[in-house]
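Heads up, the thing below is written out as structure tokens.
The values are calculated or read from the model by the stated rules, or taken from the named source; none is laboratory data. It should be emphasised that the depicted structure is a prediction, and the values quoted were computed from it without experimental measurement. Please note: Cβ atoms are built from the backbone with ideal geometry, for glycine as well, and neighbour counts cover all protein chains shown.
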Amino acid sequence: MEDMMLLLIMGAMLLVIGAIAGVLAGLLGVGGGIVLVLAFFYAFNALGYDSPQLMQLCLATSLATIIVTSLRSVFAHDRKGAVDWSILRTWAIGIVIGALAGVFVASLLRSAALQMIFGILVAVVGVYMIFGQSHWRLGRRMPTGITRAVLSPVVGFLSVLMGIGGGSFGVPVMTLYNVPMHKAVATASGFGVIIAVPSVLAFLMVDIPDAPPFTFGSVNLLAFALVVAMTLITTPWGVTLAHRMDPQPLRKIFGIFLTLVALNMLRQAVGL
């Protein structure tokens, strides 16, 4: 009876997490992965699951949801002709290499170390959301050669260590290299698929001790199913809100929120 009650509480928490992540993804254009990893971490902690590999579980499960949401997004954007397939083709190999390297590194680290890395990267994303300007540029076209060979694995590697798709790093990289915002967002959804599919397949081979029920490898299947179901429902709500209001002030507020949460995670990771 106690196990059933715990399972019901876990299910209810995951439904709420999925609903909030979906709205924020649609409203602010940020990958739901940042929200999901944070929410999974605090939710599973609250339920008493404090495995030294808890962060791997959170990262892998978040990435599993991204496979579904990114596929749905990239097909929707492609129908509007917004996806730049030439960028996807030329960046894919490097991104996959970086993503697999990210899984390898994540599998070797304990949760506290991954908390540190995640907290630092989230703080960087939060600061960019607060202060980033749409007119900032590093170049007039997407890089090729050595620059692309370096940047593409970095995007995949850092995304896996944050449990996110292509939005948080892919969109800034593309806009900084003069790709229009609507094309950057659309193409970044393709980055999400390229990042999530190989990394989740690899994470399925990394077992987590003392994991929550319905965990296979490092992916919690219950969290995956419930969160995907809710984000498919609530993401369009966020999109509707975004068209009715100016999301830019909200992006800055959310950036401040992310930065504060990241600092709190860093504080916990160092034991303060």
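The combined condition, being under 30 Å from ALA229 (Cα atoms), surrounded by fewer than 23 Cβ atoms within 10 Å (Cβ to Cβ) and in contact with a Cys (Cβ under 9 Å, 6 or more places away or on another chain), is fulfilled by ALA39.
Taken over region 163-185, the criterion of being in a helix (DSSP H, G or I), of a type in the set (Gly, Ala, Ser) and under 28 Å from ALA112 (Cα atoms) is satisfied by GLY167, SER168, GLY170.
Residue count for region 68-106 satisfying the condition of being closer than 13 Å to VAL160 by Cβ and among the β-branched types (Val, Ile, Thr): 5. Looking only at region 79-86, decide whether some residue is touching a Phe, Trp or Tyr at 6+ places or on another chain (Cβ under 7 Å), surrounded by fewer than 24 Cβ atoms within 10 Å (Cβ to Cβ), of a type outside the set (D, E, K, R) and part of a helix (DSSP H, G or I). No - not one qualifying residue is present in region 79-86.
Among the conditions (1) part of a loop (DSSP other than H, G, I, E, B); (2) surrounded by fewer than 19 Cβ atoms within 10 Å (Cβ to Cβ); (3) touching a Leu at 6+ places or on another chain (Cβ under 9 Å), the only one that TRP237 does not satisfy is (1).
Would you mind stating whether VAL160 is β-branched (Val, Ile, Thr) and either in a helix (DSSP H, G or I) or under 17 Å from the mean Cα position of the chain (by Cα) (or both)?
Yes; evaluated as a whole, the condition is true for this residue.
Checked against (1) assigned to a loop (DSSP other than H, G, I, E, B); (2) within 16 Å of VAL74 (Cα to Cα); (3) without any contact (Cβ under 8 Å) to a residue 60 or more places away in the chain; (4) hydrophobic (A, V, I, L, M, F, W, C), TRP136 passes all but a single condition, namely (2).
How many residues does region 167-183 hold that are surrounded by fewer than 21 Cβ atoms within 10 Å (Cβ to Cβ) and of a type in the set (Phe, Trp, Tyr)?
Just the residues of region 167-183 that are surrounded by fewer than 21 Cβ atoms within 10 Å (Cβ to Cβ), to begin with: 172, 176-178, 180-183.
In the following step, the residues that additionally are of a type in the set (Phe, Trp, Tyr) were identified as 177.
Number satisfying all stated conditions: 1.
Would you check if there is a residue in region 183-192 being in contact with an Asp or Glu (Cβ under 8 Å, 6 or more places away or on another chain), modelled with pLDDT under 85 and over 22 Å from VAL122 (Cβ atoms)? Within region 183-192, one or more residues are in contact with an Asp or Glu (Cβ under 8 Å, 6 or more places away or on another chain), modelled with pLDDT under 85 and over 22 Å from VAL122 (Cβ atoms). Could you please let me know if GLY102 is touching a Pro at 6+ places or on another chain (Cβ under 6 Å), touching a residue at least 40 places away in the same chain (Cβ under 8 Å) and assigned to a helix (DSSP H, G or I)? So GLY102 does not fit the description; no. Considering each residue of region 114-127 in turn, at least one proves to be in a helix (DSSP H, G or I), surrounded by 14 or more Cβ atoms within 10 Å (Cβ to Cβ) and without any contact (Cβ under 8 Å) to a residue 40 or more places away in the chain.
Pairs linking a residue in region 190-204 that is farther than 9 Å from GLY217 by Cβ to a residue that is surrounded by fewer than 24 Cβ atoms within 10 Å (Cβ to Cβ) and of a type in the set (Asp, Glu), with Cβ atoms under 9 Å and 6 or more positions apart or on different chains, are GLY190/ASP78; GLY190/ASP84. Restricting attention to region 186-232, the residues that are in a helix (DSSP H, G or I), touching a Gly at 6+ places or on another chain (Cβ under 8 Å) and closer than 26 Å to MET4 by Cα total 7.
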